[in-house]
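What follows is calculated from the coordinates using simple rules that are stated; it is not laboratory data. On a predicted model such as this, the values are computed, not experimentally measured, just so you know. Here the Cβ positions follow ideal geometry from the backbone for every residue, glycine too, while neighbour counts run over all protein chains shown.
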Amino acid sequence: MTETVFTYGAPALKFGAGASDEIGFDLSGLGARRVLLVTDAGVAATGAPDRIAEGIRGYGIEVAVFDRVRVEPTDESMRYAVEAARAGGPWDAFVAVGGGSSIDTAKAVNLLTTNPGDLMDYLNPPVGAGRAPAEPLRPLVAVPTTTGTGAESTTVCVLDVLALKVKTGISHARLRPTLAVVDPLLTLTQPPEVTAATGLDILCHALESWTARPYTTFERKLPQQRVPYCGANPVADMWAERALRLLAGSLRAAVRDGTDLAARTDLAMAATFAGMGFGNAGVHLPHAGAYPIAGLVRDFHPAGYPDGEPLVPHGMAVALTAPEAFRFTFPADPGRHLAAADMLQSGQSTVDDPAERLPHAVTALMRDIGLPNGLSAIGYTSADTGDLVAGALKQQRLLAVAPREATEDDLARIFERSMELWW
């Protein structure tokens, strides 16, 4: 019997310029008296976390700041954050200020300061044991300073497991933030390279949600078997469609001029809407491929990001296989792929082959905002294809949402054909 039920969930939302000034009021309404604010050093240097902390203290709430989040978190960096939180606790609530790295780290901290066990106990199988939290989590207020991850809306936290050289995550409804506070003013300091990468994460969140396997094609689940990623459904479709239209008109402008508040506001709204879509429908092939692309990086480090270890930003890793992935998924639902291309290009495509319209629209956007030209530009060669495929195959939770089943050979072709995107 096939599925007849879909689920939808989202945090409470406060959106708009100056919204971050009201977090103290919001926390007081949640009964918080002792709060840990989680951020990274780069965001801390902007002064926004300190300003937010002072606003919270104005409501008589004690605030401590942890600013050691690692950009693109690892199991080591998350364990460090958890131990620091345990040492300073207990906490009534958590506030995450930053990109997906800070928000995801705060989710892990919240989980592991309220529930027993180690990080590996909760990571998605086959990497971890996939344990569900047994105890309620504390309220989490997520305050994104980048426009793209959608982490403020979702039930997942993502990290690299260093020993296995794989990116994976934790997925459970209790990880969803209690409140998302989206203040476009906080994104004005985001460098253009970061805006480009995170903007492409919005793009792929919306496109993958829009093209995901329909919820009605899955086997019927028992109530206790329901998972956050339930497949494309009418509510998620609504958010994905609106996100694509907002992004099409704002991403190039925001990369070109980071002070363009109208573009920043539309991009922030696109990120929020995309998160509300994919956080329920799910993501598929581009995200499954992104995890090994980021986890196996050797010596690439992009401009605009803090100096440090090799790094492929998540949005960049996702986008680099997206054109080829959507070529592969086109036969599953040509109408949806063509509709997505029209949203991105206002129906003005000059490409004759229908199967090429969405890949062309995605590639044109990537090129316009300065993305590297394929996997070869970030250090990969055909010799790496086997390892990339092996890493993608570990993301069965995501591959199950793809509208067309991808075999090992299919994944290999997607990676091979993504070595160069344009000439």
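Highest first, please rank the peptides 298-308, 178-188, 384-394 by the mean number of other Cβ atoms sitting within 10 Å of their residues.
Details: 298-308: 12.1, 178-188: 22.5, 384-394: 19.3.
Final packing ranking: 178-188, 384-394, 298-308.
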If the label point sits 7 Å along Cα→Cβ of Met1, residues of the stretch 203-225 with amide N under 19 Å come out as 215-225
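As a test, work out the antiparallel percent of DSSP beta bridges whose residues both lie in the stretch 19-182, rounded to the nearest 5.
Working: 6 of 24 bridges.
Bridges in the stretch 19-182 are about 25 percent antiparallel.
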Log10 I(q)/I(0) at q = 0.06, 0.08, 0.11 Å⁻¹ for the chain, from Debye over equal alpha-carbon scatterers, is -0.21, -0.38, -0.75
Answer in debye to the nearest 20: the dipole magnitude of the stretch 192-417 about its Cα centre, from +1 Lys/Arg and -1 Asp/Glu charges placed on Cβ, is 640 debye
For Leu159, the net charge from surrounding residues (Cβ-Cβ under 12 Å; K, R +1; D, E -1) works out to -1
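For the stretch 56-172, report the convex hull volume of the alpha-carbon atoms normalised per residue, in Å³, without decimals. Don't jump to the answer; show the numbers that get you there.
Numbers: hull volume 12.2 nm³, N = 117.
Value for the stretch 56-172: 104 Å³ per residue.
How would you classify the stretch 192-417 from its alpha-carbon gyration tensor, with a ≥ b ≥ c the square roots of the eigenvalues: rounded for a/c under 1.5, else prolate if a/b is greater than b/c, otherwise oblate?
On the way: a/c = 1.40, a/b = 1.07, b/c = 1.30.
The shape class here is rounded.
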Residue separation between Asp410 and Asp368 times 0.36 nm, minus their alpha-carbon distance, gives in nm 12.3 nm
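Compute, for the chain, the length of the dipole vector about the Cα centre, with Cβ point charges of +1 (Lys, Arg) and -1 (Asp, Glu) only. Units Debye, rounded to 20.
Numbers: 35 positive and 48 negative charges, 186 e Å.
The dipole of the chain has a size of about 900 debye.
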In whole Hz, the Karplus estimates of ³J(HN,Hα) for the stretch 302-308 (6.51, -1.76, 1.60; θ = phi - 60°; x where Gly or Pro) are x, 5, x, 10, x, 4, x
The extension gain from Ala377 to Asp299, computed as 0.36 nm times the residue separation minus the Cα-Cα distance, is 27.0 nm
Amide H neighbours of Val63 at under 5 Å, excluding residues fewer than 5 places away on the same chain, with H built from the backbone geometry, are Val35
For 360-371, 50-61, ranked highest to lowest by mean beta-carbon neighbours within 10 Å, the order is 360-371, 50-61
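Helix-derived [θ] at 222 nm for the chain: sum -39500 (n - 2.57) over DSSP H runs of at least 4, divide by residue count, nearest 500? Spell out each step's value before the answer.
Values: 17 runs with 193 residues, N = 423.
My calculation for the chain gives -14000 deg cm²/dmol from helical runs alone.
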For the chain, the count of lysine pairs 8 or more apart or interchain whose alpha-carbon atoms are under 25 Å apart comes to 7
In the chain the DSSP beta bridges are antiparallel at a rate, in percent to nearest 5, of 25 percent
dims of the stretch 312-359, Cα set, principal axes, largest to smallest, nearest Å -> 33, 22, 15
Residues whose built amide H sits under 5 Å from the amide H of Thr145, excluding neighbours closer than 5 in sequence, are Gly98, Gly99
